[in-house]
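Shown next, in structure tokens, is the structure this report addresses.
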Amino acid sequence: MKRLLLTTGFALCMALITNAQVIFSGVSPSSVEGNYDFTWADPGGGDWSCPDFNIPNTYVQDTLMMVDDGSTGTNPQGNPISAEGCGPLINDLTGKIAVIYRNTCEFGMKARNAENAGAVGVIIINREDELVNMGGGDSGLVVTIPVVFIKAIDGLTLTGAMQNGPVVCFMGNRAGLYSSDLSVARADALIPKVYSVPSQLAQDDGDIAFDLGVTIFNFGNNDQDSAM
């Protein structure tokens, strides 16, 4: 993974990064495009056997499908209890990313039921607009597909789009996925807090100066020597 630290007009250095390439993003339609905040079932914690997103090219990209375990009624958030996936699923999720609401059973059990129904990945939607780290519980160590956890507001975006047609999402490590893939984050941009020269402190505009710059991450396979 290459990191280019650029100032105005020229490159200063290159270094490695570790986790910034692990993302959860909407691919299509355009209404869901972009990256979302998330947590994921990390096998390093000892209670999951899911793929390790820290390994480059470990990812799933596919169409979403809501789970259905045949239960009746709605939960306190107004969502169907059948979409909590706490029992064996009655719908076929072969080749799909399962979408599941959080509530009355363990994360690992939800993921296990989805995997047994053929899912290639799992998205669990929280009850609130916050994130938690998921424990695998009694079933986490038998889950071998990736599992991510997202906020309620982001889940609403995805499920709303699912009512109008297919929705495709990406979860995992995008390093090396594309030949050319540069990325910039606001947190990696060097900008001044104010844009003025204090006249009482400076004799001229050269007395107080700062460099403009931004850290650009190259997630692709090709060198991007012309990035300026």
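Among all residues of region 146-153, there is at least one that is in a helix (DSSP H, G or I), open to solvent by 40 Å² or more (accessible area, probe 1.4 Å), out of contact with any Lys or Arg (no Cβ under 8 Å at 6 or more places or on another chain) and farther than 27 Å from GLY46 by Cβ.
Which residue out of THR39, THR58, THR74, THR63 is over 21 Å from ILE23 (Cβ atoms) and in contact with a strand residue (DSSP E or B) (Cβ under 7 Å, 6 or more places away or on another chain)? Step through it out loud before you land on a result.
On the way: THR39 fails: over 21 Å from ILE23 (Cβ atoms); THR58 fails: over 21 Å from ILE23 (Cβ atoms); THR63 fails: over 21 Å from ILE23 (Cβ atoms).
Going through THR39, THR58, THR74, THR63 in turn, just one is over 21 Å from ILE23 (Cβ atoms) and in contact with a strand residue (DSSP E or B) (Cβ under 7 Å, 6 or more places away or on another chain): THR74.
Working only within region 97-126, note down all residues that are over 18 Å from THR157 (Cβ atoms) and among the charged types (D, E, K, R). First the steps, then the outcome.
As a first pass, look at region 97-126 and keep what is over 18 Å from THR157 (Cβ atoms): 103-120.
Result: GLU106, LYS110, ARG112, GLU115.
Of all residues in region 96-118, how many are over 18 Å from GLY137 (Cβ atoms) and open to solvent by less than 30 Å² (accessible area, probe 1.4 Å)?
The initial filter retains those residues of region 96-118 that are over 18 Å from GLY137 (Cβ atoms), namely 96-97, 99, 117-118.
After this cut, where a residue has to be open to solvent by less than 30 Å² (accessible area, probe 1.4 Å) as well, the list is 97, 99, 117-118.
Matching residues across region 96-118 total 4.
A quick yes/no check of all residues on (1) under 22 Å from the mean Cα position of the chain (by Cα); (2) over 18 Å from ILE145 (Cβ atoms); (3) among the basic types (Lys, Arg):
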{"site": "ASN57", "(1), (2), (3)": "yes, no, no"}
{"site": "LEU64", "(1), (2), (3)": "yes, no, no"}
{"site": "GLY70", "(1), (2), (3)": "no, yes, no"}
{"site": "PRO76", "(1), (2), (3)": "no, yes, no"}
{"site": "LEU89", "(1), (2), (3)": "no, no, no"}
{"site": "GLY95", "(1), (2), (3)": "yes, no, no"}
{"site": "ALA114", "(1), (2), (3)": "yes, no, no"}
{"site": "ILE123", "(1), (2), (3)": "yes, no, no"}
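For region 81-98, filtering for residues that are assigned to a helix (DSSP H, G or I) and among the aliphatic types (A, V, I, L, M) leaves 2. Being closer than 23 Å to GLY46 by Cα and of a type in the set (A, V, I, L, M, F, W, C): is that true of VAL143 here? Yes, satisfied.
Those residues that are β-branched (Val, Ile, Thr) and either on the phi > 0 side of the Ramachandran plot or in a strand (DSSP E or B) (or both), I need them from region 61-78; list them, please. Matches in region 61-78: THR63, THR74.
Can we say SER82 is surrounded by 21 or more Cβ atoms within 10 Å (Cβ to Cβ) and without any contact (Cβ under 8 Å) to a residue 40 or more places away in the chain? Working first, answer last.
On the way: surrounded by 21 or more Cβ atoms within 10 Å (Cβ to Cβ): yes; without any contact (Cβ under 8 Å) to a residue 40 or more places away in the chain: yes.
The answer is yes for SER82.
Per-residue answers, yes or no, for (1) at pLDDT 60 or above; (2) open to solvent by less than 30 Å² (accessible area, probe 1.4 Å); (3) not aliphatic (A, V, I, L, M):
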| residue | (1), (2), (3) |
| --- | --- |
| GLN163 | yes, no, yes |
| VAL167 | yes, yes, no |
| PHE170 | yes, yes, yes |
| ASP181 | no, yes, yes |
| SER199 | yes, no, yes |
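The values are calculated or read from the model by the stated rules, or taken from the named source; none is laboratory data. All of these numbers come straight from a predicted model, not from anything done at the bench. Quick reminder, even Gly has a Cβ in these numbers, built from the backbone with ideal geometry, and neighbours come from all protein chains shown. For the accessible areas, the whole protein counts, side chains as well, though only heavy atoms, and no ligand, DNA or RNA atoms are used. Shrake-Rupley method; radii C 1.70, N 1.55, O 1.52, S 1.80 Å.
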